[in-house]
Structures are given as structure tokens and as C-alpha cells.
Amino acid sequence: MFKVAKAQHVLAVNDFDSAVKYFTDKLGFTLDNTIGGWAFLHLDNFYLMVGDCQGEVPAKETNNHALFAYVNCEGIDELYEQYKERSVQFNQKISDKSWGLREFGVETPEGHRIMFGQEINA
């Protein structure tokens, strides 16, 4: 039987050290390991691989929304407040959406965007 054991998002970044620092200090990820130009991080069950790809076009210069992940979560208001305290850059403030989710979006210094959403209990 097919089963997904774990999903990991992969990001190319130009400033590896700053990107890893941003994910750990601002967004609260845990750094699991670094090896060969790669950082392996997680935020609860959201796994991320950050690759040192100097010279890659930064996400904010790709002329699209550069959304790379949508994280379905619980405790969204608490996370939003933590991010506000850490001066995280939001591209969308928290709000209830007509499609039944409470959402907000963040943006990294290189322009990668993550949306967080929680189902609104009726």
C-alpha cells in the first residue's frame, strides 16, 4: 500500500547562512543537519531542505508569486503572534477566508512565500 512517510520542500537560496538563520531565528524551524551545501530543517511536521545555490535567480525576481508551500496547521493565531513578535515579513495578514480557512502568508528575504492555514470550525 502506498503511503507518504514524509514530504520535504526544497529551496534554492543565494545567501545560505542568512537563509538558514532566517528559518531558525524568525520562523522557528529546527536545524537538523547541514551537509554539502544543504541544510535540513523542520517546523513540527513541515520539512525543508535549503540548498546553497549562489547565482540562482532569487524567488522575488521570478515575476510570479513564488509560493512554495501551503502549511495546514493548528494554533494559527499563536503562530501569527509569535511571527509578529519576531518581525517576520508578512505578505498577507491573518484573516478568515470564504473557503473555510483562516490564513496568513510570510515572505523570506529572498522572496520565497509560505502560506499557513487552519480550518475554521463552524
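What the table shows:
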quantity	calculated
Evaluation of Asp52 against (1) under 30 Å from Asn121 (Cβ atoms); (2) crowded, with 16+ Cβ neighbours inside 10 Å; (3) not β-branched (Val, Ile, Thr) (one fails), failing number	(1)
Any chance Ile94 is open to solvent by 50 Å² or more (accessible area, probe 1.4 Å) and of a type in the set (A, V, I, L, M)	no
Residues being assigned to a strand (DSSP E or B), among the aliphatic types (A, V, I, L, M) and touching a strand residue (DSSP E or B) at 6+ places or on another chain (Cβ under 8 Å) - total across segment 2-47	8
Identity of the residue in segment 55-66, in contact (Cβ under 8 Å) with a residue 40 or more places away in the chain and either more than 19 Å from Phe16 (Cα to Cα) or in contact with a helix residue (DSSP H, G or I) (Cβ under 9 Å, 6 or more places away or on another chain) (or both), that ends up least open to solvent (accessible area, probe 1.4 Å)	Ala66
Every pair of residues 6+ apart whose Cβ atoms lie under 7 Å, when the first sits in segment 81-99 and is modelled with pLDDT of 95 or more while the second is open to solvent by 60 Å² or more (accessible area, probe 1.4 Å) and in a loop (DSSP other than H, G, I, E, B)	Asp96/Ile120
Matching entry among Tyr83, Tyr70, Tyr47 (being closer than 30 Å to Ile120 by Cβ and open to solvent by 70 Å² or more (accessible area, probe 1.4 Å))	Tyr70
Lone unmet requirement of (1) of a type in the set (A, V, I, L, M, F, W, C); (2) touching a residue at least 60 places away in the same chain (Cβ under 8 Å); (3) over 28 Å from Ser95 (Cα atoms) for Leu27	(3)
Out of Tyr47, Tyr22, sole residue that is of a type in the set (Ser, Thr, Tyr) and touching a residue at least 60 places away in the same chain (Cβ under 8 Å)	Tyr22
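The values are calculated or read from the model by the stated rules, or taken from the named source; none is laboratory data. A quick note: this is a predicted structure, and the numbers were derived from the prediction, not measured. Note: ideal-geometry Cβ built from the backbone for every residue, glycine included; neighbour counts use all protein chains shown. Quick note on the areas: whole protein, heavy atoms, side chains included, nothing else; ligands and nucleic acids left out. Shrake-Rupley method; radii C 1.70, N 1.55, O 1.52, S 1.80 Å.
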